[in-house]
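Here is the structure we will look at.
Computed from the coordinates by the stated procedures, all read-outs in this text should not be read as laboratory data. Computed from a prediction, not measured in an experiment: that's the story for all the values here. Note: ideal-geometry Cβ built from the backbone for every residue, glycine included; neighbour counts use all protein chains shown.
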């Protein structure tokens, strides 16, 4: 499963609870950075840019797919590489950010994918996700996530 977010942002972006060490302005800057990274993550389903994924997934990245399977970075990259679906667009339909300090945030939302399966049959998929971000050495990375398909 590709839980990703893209450029068709039509949902809301909000800054939730923050620690006192983070000003509203800084929380907004963090929100913008995470939105851009999440948008690029979504586009990786379309472009198959696994180098980008490697750059935003922490070394100890863990992802729980819709079927309950837990995958590390290597297994999740293999899932991307083995996909026979062709995505033509991927985008957010809802997106929220909760900033809990200068180096910790949680994003969640809904996303939508359009494409064709291996037989050329068109599809539209909708998903829901949660991602946990940390800033390590000045760089935001995902340490854990979960996604599921919506019916």
In deg cm²/dmol, rounded to the nearest 500, the helical mean residue ellipticity at 222 nm of the chain, built from -39500 (n - 2.57) for every DSSP H run of length 4 or more, is -8500 deg cm²/dmol
Relative contact order (percent) for region 24-150, with alpha-carbon contacts under 8 angstrom and 6 or more residues of separation?
24
On C-alpha positions alone, give me the angle between the axis of helix 24-47 and the longest principal axis of the chain, in degrees, nearest 10.
10
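Using only the Cα atoms, what convex hull volume per residue in Å³ does the chain have? Provide the component values of the computation, followed by the final result.
Details: hull volume 15.5 nm³, N = 151.
In the chain, the Cα hull volume divided by residue count equals 103 Å³.
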Between helix 73-82 and the chain: long-axis angle, C-alpha atoms, 0 to 90°, nearest 10:
30
Could you tell me the calculated FRET efficiency between residue 125 and residue 36, based on Cβ-Cβ distance and R0 = 25 angstrom, to the nearest 0.05?
0.65
Sort 132, 99 by Cβ crowding within 10 Å, fewest neighbours at the top.
132, 99
Fewest-first ordering of 53, 79 by Cβ atoms within 10 Å yields 79, 53
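Counting other C-beta atoms within 10 Å, which of 83, 23, 40 has the fewest, and how do the rest follow?
23, 83, 40
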Residues of region 116-151 with the amide nitrogen closer than 19 Å to a label point 7 Å from the Cα of residue 47, along Cα-to-Cβ, please.
140-142
Once both labels are modelled 7 Å past Cα along the beta-carbon direction, what's the residue 79-residue 23 spacing in nm?
4.0
Could you identify which residue out of 91, 115, 138 has the top mean-square fluctuation in a GNM of the chain using Cα springs shorter than 10 Å?
138
Going 7 Å from the Cα of residue 117 along its beta-carbon direction, which residues of region 64-85 have the amide nitrogen within less than 12 Å of the resulting point?
84-85
